[in-house]
Amino acid sequence: MSALPRLSSSVRHLVARNHAILALLALLIGAAVGCASVLFHYCIEGWTWLMTGYTDYPPHAGEPHGVLGWPSWLIIFVPVISALIYGPLVQKFAPSARGHGVPEVMLAVVRNGGKIPGRVAAVKIVASALTLGGGGSVGREGPIVQVGASLGSWISGLLNLPRRRVILFAACGSAAGIAATFNAPLAGACFAMEVILGGLSATTFAYVMFSAVAASVVSHVLLGDRPNVDLPNNLRMAAPHDLVWVVVVALVAGLAGLLFSKFLYLIEDLVDRFYHWPEWARPAIGSIFLGLALWVFPTMYGAGASVQLDMLTGKYGIGMLCLLCLCRALYTSYTIAIGGSGGVFAPSLAIGASAGMAVGLAVQPFSASSAAVYGVIGMGAAF
């Protein structure tokens, strides 16, 4: 019996110090997170289809159920049904799976040495898929970051690795999640280094990059090579004097992004102040109002990638763009405040796109560039 701890300790030190083994572990974590990202993608589409009859509901907003023909007003109950499942699930098995995902990973790195229970990954996938597929106006990037960090931390725990390696592989999992979701390995690696680790070293960056590339390859193989945001093709600055309007867009969209962040925590505080019942029931009770809001404005259903593409292709006028900007901030804030599981990155991009496009359309008589150029600039500025 005494030889087992010594063997475990020797293996632990070998793995923790051997760069080749660490690189292989980084690749393994990346591949695992890539598979989890694909599973998450299909879970969202599957639940959306079950609830609405479509894998993407906003293009069919207000229509009856696409398969069963149920009337459109039944959308009121879709978020409630979803919340009745994920509310108790999150409360019982993984309370940290509630909310954005990224702040919880940052907190685990700072306070717990990167230790995140493996069950968080499973609960987060289910809860976020039910939230998004059930109409919650949130993104899938934050959840997959937490799923990736949980898988990286769990694998590190199985090998009994020291604290610094647990943190490293939690960051590898986070990078892999971003890479698999956006098909952007470099962006995933930079995100993990800046946000999760808060520093840069050549060796650490190599491990994180291995995970990100592995996750991206798995995603490409299983989902195909396609952009996360399908942008119009005419995105170029047509004249130097249009840079003046870029400054205007940056100010407007940046302000919209700042107000969104303030509004998000304001709504959370208000809901916390007035809700005094069991936490497991909070999403279901709150989803009654979310369902009514979706019935009134069903375009806000889910992450809304197709709506964002419609913005950038000029489908909406300035008034509708301003309404979409305001409602996306309101619906996202409320979804998270009632205990929904989802991120804020995609909503931030949608808010920026609507603000940028509104400015772009307003200055179109004075600009040689397409309004979509300002929409894309607004996405970056708001985030």
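Yes/no matrix, rows are residues, columns are (1) under 26 Å from Val102 (Cα atoms); (2) in contact with a Gly (Cβ under 8 Å, 6 or more places away or on another chain); (3) among the aromatic types (Phe, Trp, Tyr); (4) at pLDDT 95 or above:
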position: Met237; (1), (2), (3), (4): no, no, no, no
position: Leu255; (1), (2), (3), (4): yes, no, no, yes
position: Leu309; (1), (2), (3), (4): yes, no, no, no
position: Cys322; (1), (2), (3), (4): no, no, no, yes
Only residues that are within 17 Å of Arg282 (Cβ to Cβ) and polar (S, T, N, Q): list them for region 65-82, please. Ser82
With the structure loaded, tell me whether Ala171 is closer than 14 Å to Gly148 by Cα and either aliphatic (A, V, I, L, M) or outside any helix (DSSP H, G or I) (or both) or whether it fails that test. yes
What's the number of the only condition in (1) touching a Cys at 6+ places or on another chain (Cβ under 7 Å); (2) buried (at least 24 other Cβ atoms within 10 Å of the Cβ) that Thr335 fails to meet? (1)
For Val218, state whether it is part of a helix (DSSP H, G or I) and open to solvent by less than 50 Å² (accessible area, probe 1.4 Å). yes
In this structure, does Ser306 turn out to be hydroxyl-bearing (Ser, Thr, Tyr), open to solvent by less than 30 Å² (accessible area, probe 1.4 Å) and assigned to a helix (DSSP H, G or I)? yes
Pull up region 152-161, narrow it to residues that are open to solvent by 30 Å² or more (accessible area, probe 1.4 Å) and touching a helix residue (DSSP H, G or I) at 6+ places or on another chain (Cβ under 9 Å), then point me to the one that is nearest to Ser341 (Cα to Cα). Trp154
Out of the residues in region 231-247 that are touching a residue at least 12 places away in the same chain (Cβ under 8 Å) and within 30 Å of the chain's Cα centre (by Cα), state the one that is nearest to Ile377 (Cα to Cα). Val246
Check on Gly314, at positive phi and open to solvent by 40 Å² or more (accessible area, probe 1.4 Å): yes
Could you go through region 101-121 and let me know if any residue there is open to solvent by 10 Å² or more (accessible area, probe 1.4 Å), over 21 Å from the mean Cα position of the chain (by Cα) and on the phi > 0 side of the Ramachandran plot. no
Selected residue (only one of Leu294, Leu349, Leu290, Leu323 is surrounded by fewer than 24 Cβ atoms within 10 Å (Cβ to Cβ) and in a helix (DSSP H, G or I)): Leu323
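For (1) among the polar types (S, T, N, Q); (2) under 16 Å from the mean Cα position of the chain (by Cα), each residue gets a yes or a no:
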position	(1), (2)
Leu151	no, no
Ser156	yes, no
Ile178	no, yes
Phe191	no, yes
Ile196	no, yes
Thr203	yes, no
Phe210	no, no
Which of the residues belonging to region 47-71 are farther than 23 Å from Ala337 by Cβ, open to solvent by 40 Å² or more (accessible area, probe 1.4 Å) and assigned to a helix (DSSP H, G or I)? Trp49, Leu50, Pro59, His60
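The values are calculated or read from the model by the stated rules, or taken from the named source; none is laboratory data. Note that this is a predicted model, so its numbers are computed, not measured. Cβ atoms come from the backbone with ideal geometry, glycine included; neighbour counts cover every protein chain shown. In case anyone asks, the SASA skips ligands and DNA or RNA and just uses the protein heavy atoms, side chains included. Shrake-Rupley method; radii C 1.70, N 1.55, O 1.52, S 1.80 Å.
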